[in-house]
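Reviewing the structure listed below.
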Amino acid sequence: MPSGTGPGAGRTGPVPTGTGAGPGRTGPGTVAGRTTRGSTGRGLWDLGSGDAETVLAEARKALFVMVGFLALIWIIQLANWVDHYHLTFDYGIRPRDAASLPDILTAPFLHFNFAHIEGNSGPLFIFGFLAAYRGVAKFFGVTALVILTSGLGAWIFEDPGSVGAGASGVVFGYFGYIMVRGFFDRHAIDMLLGAVMALCFAYQFTVLLPQAGIGWQAHIGGLVGGIAAGWVFRDRRAGSGPGRRAARAKPASPATGPRSDLHKQLDDLGL
């Protein structure tokens, strides 16, 4: 999931020297200490489209990753079915059982039956792709975090004697990440995407309420992890963050004259 553009808004580099530039004149893209439309700085918000070729390449990788992810859990499901679901009961989450704590990492790949995995596969592919298309490397970090938080939610809060398994906690993690990523990355398109997903899948929030036979604790844990991932993996190169002022551009030094070389050296040193 991607991403990012250049340094924050309002920053300018050393003013270029050359003939025809007089004292008090700024370099291209700045007027009276402000970044103008022609500059390379970013404002507080942008559309978040990025370079088209880069976005397309990441989207292609995201597609391959999610196809591979689904293929993996379905292969495991077939083996699990042949083994009469012993894998689920052996490597699913047993709440507050210290020996089962490592199973929070294996439970998302296991299901109880074909209806269970079929119900998770569609949302997993959609939300996973949308979470990954701006950067697959970042997506792996998001995935690790939501697996951890959803698994801990189940391990700590589900009823003793039960067994938790399934990818739905990860689905909710991706869902939460998509909803907040645009805000933290200052990408308008991603904010719109998150709002649309929230509206289209609002019914999913019903399984966050306590219900018998549903691991709602893992769902809430995944959602919280996804929201946290939006902050942890935010694009720190994107414009100014909330509440931060853009750095003021330094006044341009004279481009000509006997002291021009000295001014240029001071500018290069950031003085």
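Here are the numbers for the structure shown:
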read-out: Count of the stretch 118-166 residues which are in contact with a Ser or Thr (Cβ under 6 Å, 6 or more places away or on another chain) and under 22 Å from Q211 (Cβ atoms); value: 2
read-out: Residue that is surrounded by the fewest Cβ atoms within 10 Å (Cβ to Cβ), among those in the stretch 112-141 that are over 21 Å from the mean Cα position of the chain (by Cα) and part of a helix (DSSP H, G or I); value: A115
read-out: Some residue of the stretch 15-27 being out of contact with any Ser or Thr (no Cβ under 6 Å at 6 or more places or on another chain), at pLDDT 50 or above and either assigned to a helix (DSSP H, G or I) or surrounded by 13 or more Cβ atoms within 10 Å (Cβ to Cβ) (or both); value: no
read-out: Any hit, the stretch 126-146, residues being closer than 25 Å to I93 by Cβ, among the polar types (S, T, N, Q) and modelled with pLDDT of 90 or more; value: yes
read-out: Residues that are surrounded by fewer than 22 Cβ atoms within 10 Å (Cβ to Cβ) and in a helix (DSSP H, G or I), drawn from the stretch 80-91; value: W81, V82, H86, L87, F89, D90, Y91
read-out: Matching entry among A107, A132, A137 (being touching a strand residue (DSSP E or B) at 6+ places or on another chain (Cβ under 7 Å) and closer than 30 Å to E58 by Cα); value: A107
read-out: Residue under evaluation R94, criteria (1) among the charged types (D, E, K, R); (2) within 30 Å of G135 (Cβ to Cβ); (3) crowded, with 19+ Cβ neighbours inside 10 Å, criterion not met; value: (2)
read-out: Set S150, S162: member being within 25 Å of I104 (Cβ to Cβ) and not in a helix (DSSP H, G or I); value: S162
read-out: Count of residues meeting criterion [part of a helix (DSSP H, G or I), exposed (fewer than 13 other Cβ atoms within 10 Å of the Cβ) and either of a type in the set (A, V, I, L, M, F, W, C) or modelled with pLDDT of 90 or more (or both)] in the stretch 198-231; value: 4
read-out: Some residue of the stretch 40-59 being buried (at least 16 other Cβ atoms within 10 Å of the Cβ), touching a Lys or Arg at 6+ places or on another chain (Cβ under 9 Å), assigned to a helix (DSSP H, G or I) and at pLDDT 90 or above; value: yes
read-out: Residue check for V171: closer than 19 Å to A228 by Cα and of a type outside the set (K, R); value: yes
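The values are calculated or read from the model by the stated rules, or taken from the named source; none is laboratory data. All figures in this text were calculated on a predicted structure; none of them were measured in a lab. FYI the Cβ positions are ideal-geometry reconstructions off the backbone, even for glycines, and counts take in every protein chain you see.
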